[in-house]
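First up is the structure itself, then whatever we jot down about it.
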Amino acid sequence: MIRKFRLGHPYDTNAVILPLEAESVEDFPFKSGINDGCFEFSFFMQKDDIVYGLGEAVRGINKRGWIYESYCSDDPFHTESKRSLYAAHNFIMLDGSGCFGIFVDCPARVRWDVGYTQTAETKITVFAQAFDIYLITADSPREVVREFRSAIGKSYVPPFWAFGYQQSRWSYHNAEAVDRVVRGYDEAKIPLDCVYLDIDYMQSFKDFTVSENAFPGFKEYVSAKKEQGIHLIPIIDAGIKKEEGYEIYDEGIKNGYFCKNAEGSVFEAGVWPGVCAFPDFLNPEARRWFGSKYRYLIDMGIDGFWNDMNEPALFYSVKGLNAAIDEAVNAKGKNLDLGGFFHIKDVFAGLSNRREDYSSIWHSIDGKMVNHQEVHNLYGACMTRAAGEYFAENYGGKILMFSRASYIGAHRTAGIWFGDNHSWWSHILLNLKMLPSANMCGFLYCGADLGGFNDNATRDLVLRFLALGVFTPLMRNHSALGTRDQECYSFGGADDFRDIIEVRYRLIPYLYKIFCGASENNDLIFRPLSFDYPGDKIARECETQLMLGDDCMIAPVYEQNVSGRTVYLPEDMRLLKLSGTRVESAELKKGIHYIDVALNEVPLFVKKGKKIPLCQPALRTRDLKTDELEFV
Ligand code: MIG
């Protein structure tokens with residue numbers, strides 16, 4: 001059952017599509033009240049209760065014992081100490097002494113104190129005067145998720161080829177660099193479907209332009225790659241370069257499509273191209289305009305995009321930078337004491353993504369000026385909605401789209417990736433833990449940067465990361481500027497990498513079926529073990545394994561210098577070790593086992609009486625014979 005409680009006149013976020021009568025928030029059956037102008041409510045947790053949800057967030061599948069904040073943030077350090085990442089996924093649920101879910105439909109900041117201040121209490125603070133809160137009750141956590149998901153609508157299904165393996169880097173600077181990647185994979189006979197274009201394919205980082213120097217004859221180039229079965233996926237950033245004569249900027253100015261300052265001038269901040277204006281994605285007309293701009297690249301044969309920097313990320317606001325420079329100029333020649341020195345240092349260090357700059361942004365929504373803080377968490381989602389709605393209308397389901405920032409609702413038109421992780425072993429597990437949480441919030445097409453984005457990767461890390469990535473709908477290896485190469489052919493011994501990626505291609509028909517089923521039935525692809533074995537204490541506490549679809553369990557290796565890992569089987573299962581076209585199989589009894597997993601193997605645990613279809617691998621998804629299946 002779903003009930004909806006309303007305070008004030010909330011902005012329509014487009015998250016929930018099921019029409020429901022709103023009750024007054026006064027009837028909300030939780031301890032609640034207004035504190036400091038914010039709405040607060042709380043529920044108690046028994047010792048063994050589990051709290052799930054919050055989608056893309058740090059820490060465990062069980063969110064207890066930390067404080068989280070929904071405030072889309074460009075933060076490349078995904079450590080335990082953080083409260084916010086790029087997304088705002090305001091769905092949380094309790095499983096144990098009760099079974100219910102809560103969705104706070106409010107695009108302003110929301111704080112989730114899940115037993116941080118008071119161990120046995122979850123306290124939720126909504127930093128707004130108008131919102132809807134949904135209360136979902138059902139008999140089991142999986143039912144709560146299904147019920148919630150049916151209210152927010154079916155999840156995005158990408159084109160089939162988007163289940164192939166994808167290679168990215170910031171950046172493959174030009175056509176030669178892209179060709180080297182394709183050649184590298186083809187020569188090593190490792191499957192590949194997509195190569196990514198990061199910001200350097202553009203002219204001076206301007207959206208919807210292509211550098212003639214880097215990619216001469218882009219349209220022909222795209223179609224030549226297409227013939228080879230390779231999709232090129234360009235990045236689109238939120239900021240639009242301030243430059244007279246640049247069509248997008250000029251049109252935005254002429255039509256008033258950019259975000260404003262309080263006094264009505266265009267809000268300006270620095271990102272990659274230097275000073276930028278920011279499309280007012282909250283304004284439906286501006287959204288339609290921006291969405292139609294993707295056509296420039298689609299007409300060149302492009303059929304996939306990733307939307308970046310749409311929290312929005314701000315390196316500096318022009319106002320903030322000028323003030324900082326004034327302070328520095330003032331300090332020149334002075335004998336700065338410790339306080340004085342650190343003040344100047346902090347002023348510059350604090351220029352990026354300042355809340356005070358966000359507060360100075362204004363949107364025009366239905367003719368009304370709305371402060372950015374009231375809708376901050378919708379900015380990226382609306383950028384993606386702009387593209388998604390345009391694609392749905394004009395290209396029905398043929399375009400791959402995923403975004404960095406997101407809000408529930410965006411799951412209907414796009415996927416997400418989990419942003420700038422690190423080449424750290426701990427981030428394999430973080431990737432795993434986000435998967436069921438993202439699924440609860442409707443995001444099915446998702447994945448992390450395999451191999452890790454920041455820092456240098458090692459061969460074993462990339463292999464282990466990929467062995468988890470075999471199961472994630474978005475299977476993309478991506479890394480940052482200046483880091484060590486981490487393409488599958490970069491480390492020597494490419495055979496091991498082929499063995500892993502071929503397993504993915506063998507599983508694609510099966511994974512695609514699970515994916516479409518989950519979208520169709522508002523279900524999860526990945527579930528915590530506790531969803532399936534609620535009475536089993538070890539399963540309930542398991543944070544390193546996941547149920548996959550209705551037949552399988554996965555348990556990737558996530559530590560360095562180990563020959564395998566300990567796995568808990570909540571029932572008798574068959575262990576498959578998949579490697580290239582090899583399948584090793586062993587029956588295992590319920591209980592704890594240490595299993596050996598070589599660097600070129602993918603372990604998969606199959607429940608009794610289930611069969612797993614495999615096809616022959618191919619170098620491209622288009623060459624897969626998806627109707628010639630063998631069953632294990
Ligand atoms: O400030 O476009 O998360 O995937 O490679 C960094 C460059 C901007 C952040 C994205 C990352 C991408 C990078 N971008």
Legend entry - Members of the range 305-343 found to be more than 40 Å from the chain's Cα centre (by Cα) and surrounded by 15 or more Cβ atoms within 10 Å (Cβ to Cβ), listed by number: ALA331
Inset, instruction - Mind listing whichever residues of the range 110-129 are within 22 Å of the chain's Cα centre (by Cα) and open to solvent by 60 Å² or more (accessible area, probe 1.4 Å)? - result: ARG111
Inset, instruction - For residues that are in a helix (DSSP H, G or I) and within 16 Å of the ligand (Cβ to nearest atom), scanning just the range 457-472, find the one that is surrounded by the fewest Cβ atoms within 10 Å (Cβ to Cβ). - result: PHE465
Legend entry - The listed residue being part of a loop (DSSP other than H, G, I, E, B), within 29 Å of ALA88 (Cβ to Cβ) and in contact with a Gly (Cβ under 9 Å, 6 or more places away or on another chain), out of LEU314, LEU378: LEU314
Inset, instruction - Could you check how many residues of the range 425-456 are within 15 Å of the ligand (Cβ to nearest atom), surrounded by 24 or more Cβ atoms within 10 Å (Cβ to Cβ) and assigned to a loop (DSSP other than H, G, I, E, B)? - result: 4
Inset, instruction - Taking LYS82 as the residue in question, decide whether it is under 24 Å from ALA381 (Cα atoms), out of contact with any helix residue (DSSP H, G or I) (no Cβ under 7 Å at 6 or more places or on another chain), surrounded by fewer than 18 Cβ atoms within 10 Å (Cβ to Cβ) and assigned by TED's automatic domain parsing to the domain that holds PHE103. - result: yes
Inset, instruction - Considering only the range 532-578, give the strands (runs of 3 or more DSSP E) lying wholly within it that have at least 3 residues that are in contact with a helix residue (DSSP H, G or I) (Cβ under 8 Å, 6 or more places away or on another chain) and closer than 21 Å to VAL144 by Cβ. - result: 546-548
Inset, instruction - Go through the residues of the range 350-368 one by one and say whether even a single one is within 16 Å of the ligand (Cβ to nearest atom), open to solvent by 40 Å² or more (accessible area, probe 1.4 Å) and of a type in the set (Gly, Ala, Ser). - result: yes
Legend entry - Tabulated pairs, the range 349-375, first within 22 Å of GLY252 (Cβ to Cβ), second part of a strand (DSSP E or B) and aliphatic (A, V, I, L, M), C-beta under 8 angstrom, 6+ apart or interchain: ASP357/ALA269; TRP362/MET369; TRP362/VAL370; HIS363/MET369; HIS363/VAL370; SER364/VAL370; VAL375/ILE365
Legend entry - Which numbered condition VAL178 misses (of (1) open to solvent by less than 10 Å² (accessible area, probe 1.4 Å); (2) more than 25 Å from VAL503 (Cβ to Cβ); (3) within 24 Å of the chain's Cα centre (by Cα)): (3)
Inset, instruction - Take the range 473-509 and flag every residue that is more than 16 Å from the ligand (Cβ to nearest atom), part of a loop (DSSP other than H, G, I, E, B) and either open to solvent by less than 20 Å² (accessible area, probe 1.4 Å) or closer than 17 Å to VAL195 by Cβ (or both). - result: PRO473, CYS488, TYR489, SER490
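Against the definition (within 16 Å of the ligand (Cβ to nearest atom), over 16 Å from PHE267 (Cβ atoms) and within 26 Å of the chain's Cα centre (by Cα)), how does ARG404 come out, yes or no? Step through it out loud before you land on a result.
Values: within 16 Å of the ligand (Cβ to nearest atom): yes; over 16 Å from PHE267 (Cβ atoms): yes; within 26 Å of the chain's Cα centre (by Cα): yes.
Yes: the conditions hold for ARG404.
Go through the range 268-311 and give me each residue that's assigned to a loop (DSSP other than H, G, I, E, B) and within 12 Å of the ligand (Cβ to nearest atom).
First, pick out the residues of the range 268-311 that are assigned to a loop (DSSP other than H, G, I, E, B): 272-273, 278, 280-283, 294, 299-303, 309-311.
Once the filter is applied, which keeps residues that are assigned to a loop (DSSP other than H, G, I, E, B) and within 12 Å of the ligand (Cβ to nearest atom), the range 268-311 yields TRP272, PRO273, MET309, ASN310, GLU311.
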Inset, instruction - Read through the list (1) under 23 Å from GLY55 (Cβ atoms); (2) surrounded by fewer than 19 Cβ atoms within 10 Å (Cβ to Cβ), then give the number of the only condition that GLN560 fails. - result: (1)
Inset, instruction - Read through the list (1) over 30 Å from TYR296 (Cβ atoms); (2) surrounded by fewer than 17 Cβ atoms within 10 Å (Cβ to Cβ), then give the number of the only condition that GLY397 fails. - result: (1)
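One line per residue, one yes/no per condition, for (1) of a type in the set (A, V, I, L, M, F, W, C); (2) open to solvent by less than 30 Å² (accessible area, probe 1.4 Å):
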| site | (1), (2) |
| --- | --- |
| ILE240 | yes, yes |
| ILE248 | yes, yes |
| ASP280 | no, yes |
| GLU285 | no, no |
| ILE302 | yes, yes |
Legend entry - Those residues of the range 407-424 which are within 16 Å of the ligand (Cβ to nearest atom), part of a strand (DSSP E or B) and either closer than 19 Å to VAL195 by Cα or within 13 Å of the chain's Cα centre (by Cα) (or both), in sequence order: GLY415, ILE416, TRP417
Inset, instruction - Could you grab the pairs with beta carbons closer than 6 Å, sequence gap of 6+ or different chains, first residue in the range 286-312 and within 19 Å of GLY252 (Cα to Cα) and at pLDDT 95 or above, second one part of a helix (DSSP H, G or I) and within 16 Å of the ligand (Cβ to nearest atom)? - result: ASN307/MET383; ASN307/THR384; ASN310/GLY380; ASN310/MET383; PRO312/TYR379
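The values are calculated or read from the model by the stated rules, or taken from the named source; none is laboratory data. Fair warning: this is a prediction, and the values are worked out from it, not measured in the lab. A quick note on method: Cβ atoms are made from the backbone with ideal geometry, for glycine too, and the neighbour counts reach across all protein chains shown. Surface areas here come from the heavy atoms of the whole protein model, side chains and all, with no ligands, DNA or RNA. Shrake-Rupley method; radii C 1.70, N 1.55, O 1.52, S 1.80 Å.
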